[in-house]
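Structure first, commentary second.
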Amino acid sequence: MPKRLYPRSLIIIITPMILLQSVVAFVFMERHWQTVTLRLSQAVTRDISAIIDMIETFPHDDDYANVIRIAQDRLALKVDILPPDPLPPPGPKPFFSLLDQTLSSEITKQINRPFWIDTVGNSNIVEVRVQLKDKVLRVFVRRSQAYASNTHIFLIWMVGTSLVLLVIAIPFLRNQIRPILQLAEAAESFGKGRPMPRDFRPRGAEEVRRAGFAFIQMRERIERQIDQRTAMLTGVSHDLRTILTRFRLTLALSGKKPDLKALNQDIDDMQSMLEGYLEFARGEAAEDPGRFDLEAFFEKLSEEAKLRQRSLSTSLAGDRIIHVRPTAFTRLLSNVVGNAFRYAEEVRVTATHTRGSLTVIVDDNGPGIPEEKREEVFKPFVRLDEARNLDASGTGLGLAIARDIARSHGGDIMLEQSPLGGLRAIIRVPA
């Protein structure tokens, strides 16, 4: 069965129509066409039987001139009296011929004499020959006298009207499906962090309009909530920065003492954690999608690898330009690749861009992360004691921010064992 709504709706419309027409055609063929043909064949056979009775009752009636005249004038049959030659051999029977079957059956039932019949072809005349005692009776009958020949007109009208109705119904059905497709496209764009299509507005049936208005209201509530959260966190960050600045100033004025180094380190850790949390919570919800050049970014990574004295290899398959939120996506890749630079000597980055999907694989030869803890490292502020993100300057937010950005684009990040012996990070996003 098709997966899309439009083909399924067409099947819902077309299937009952085909079933209905099949039943109507069968009933018509069985009850009307066959019955009418049977009645006509019975009447023609009775006429031929009456002619035979007249020939046998008046055997010397002026070479049967009166019989021939009566058959032609009154019965619309052309009759000839032939010498008693053998009947022609039976011809091939058509695969399906209601007239041949019905007329042959009636001649056998009513006349019960040797006969030969020719109903093959598109001729309007049916020839019947009956073997009598010392002669052969040849009768030419119009096909319409023995067969309901206009039945195909009914079938043509039935099929033709159905096709006309389908031609009218399909565009209307498409117009009803289009608002649903537009709503799905708007929801998909919102899920990927992209702006809603400009021409989107609730249309179609009442139920579809209600769903469209509900989606718009939900989107507005989510955006208001994000804006409110960002504003609140910005205010908290500002207040805490002020306190930390006063704290640092107080320590600076108090002079150099042995315990000031530890206090300054605590302040640095607190500020780093605050900045990381604010960056994670704020995200890049307000950033608009734009063009992102993968090759240019790989060049920056190469320069960074040289500064860190790391071995880096990159490869790109497909278009170098992708459509994402550039700043957020830069942070995503920088967090993942920077994490690899921190814990490994050799890093390999592979990007594949095909059919609107981007896959970036980052491999390294570092210590890796145990399989049972690979999902846990995506939680905010999680720092594993024996894993890669144990770092004095880290806050445990790098991978959490990266996954948050990937999911805001409609994608995700997965961790696996790398062929280089360390960790493999797989980033998949629509682009």
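Numbers below:
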quantity	calculated
Region 100-178: translational diffusion in µm²/s, Stokes-Einstein, Kirkwood Rh over Cα pairs, 10 °C, 1.306 mPa s	97 µm²/s
Flagged links, alpha-carbon separation over 32 Å, of LYS3/LYS379; LYS300/LYS379; LYS192/LYS373	LYS3/LYS379
For region 132-226, convex hull volume per residue from C-alpha positions, Å³	164 Å³
Inter-label distance for LEU253 and ILE125, nm, one decimal - labels placed 7 Å from Cα along Cα-to-Cβ	13.0 nm
Relative contact order (percent, whole number), region 29-172, Cα cutoff 8 Å, 6+ residue spacing	30 percent
Gyration tensor (Cα) of region 1-97, equivalent ellipsoid semi-axes in angstrom	53, 16, 9
Probe 1.4 Å, all protein chains present, accessible-area order of ILE18, ILE170, largest first	ILE18, ILE170
Accessible area of ARG142 in the full protein assembly, 1.4 Å probe (Å², nearest 10)	120 Å²
Residues with amide H under 5 Å from that of GLY368, placed H, sequence gap 5 or more	LEU423
Region 1-49, dipole about Cα centre (Lys/Arg Cβ +1, Asp/Glu Cβ -1), debye to the nearest 20	340 debye
Percent of beta bridges antiparallel (DSSP, region 307-358, rounded to nearest 5)	20 percent
For LEU77, residues with placed amide H under 5 Å, excluding near neighbours	GLN72
Long-range Cα-Cα pairs in region 27-182 (distance over 26 Å), rounded percent	42 percent
³J(HN,Hα) computed for each position of region 416-421 - Karplus, 6.51 cos²θ - 1.76 cosθ + 1.60, integer Hz, glycine/proline x	9, 6, 8, x, 7, x
Hz values of 3J(HN,Hα) by residue in region 401-409 - Karplus curve (6.51, -1.76, 1.60), Gly and Pro given as x	5, 4, 5, 4, 5, 4, 6, 5, 8
Probe 1.4 Å - accessible area at HIS323, Å² to nearest ten	100 Å²
Heavy atoms of TRP116: accessible area, 1.4 Å probe, square angstrom to 10	40 Å²
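The values are calculated or read from the model by the stated rules, or taken from the named source; none is laboratory data. Not measured: the values here are computed from a predicted model. Note that each Cβ is placed from the backbone with ideal geometry, even for glycine, and that neighbours are counted across all protein chains shown. Areas reflect the complete protein model, heavy atoms only, side chains present, ligands, DNA and RNA absent. Shrake-Rupley method; radii C 1.70, N 1.55, O 1.52, S 1.80 Å.
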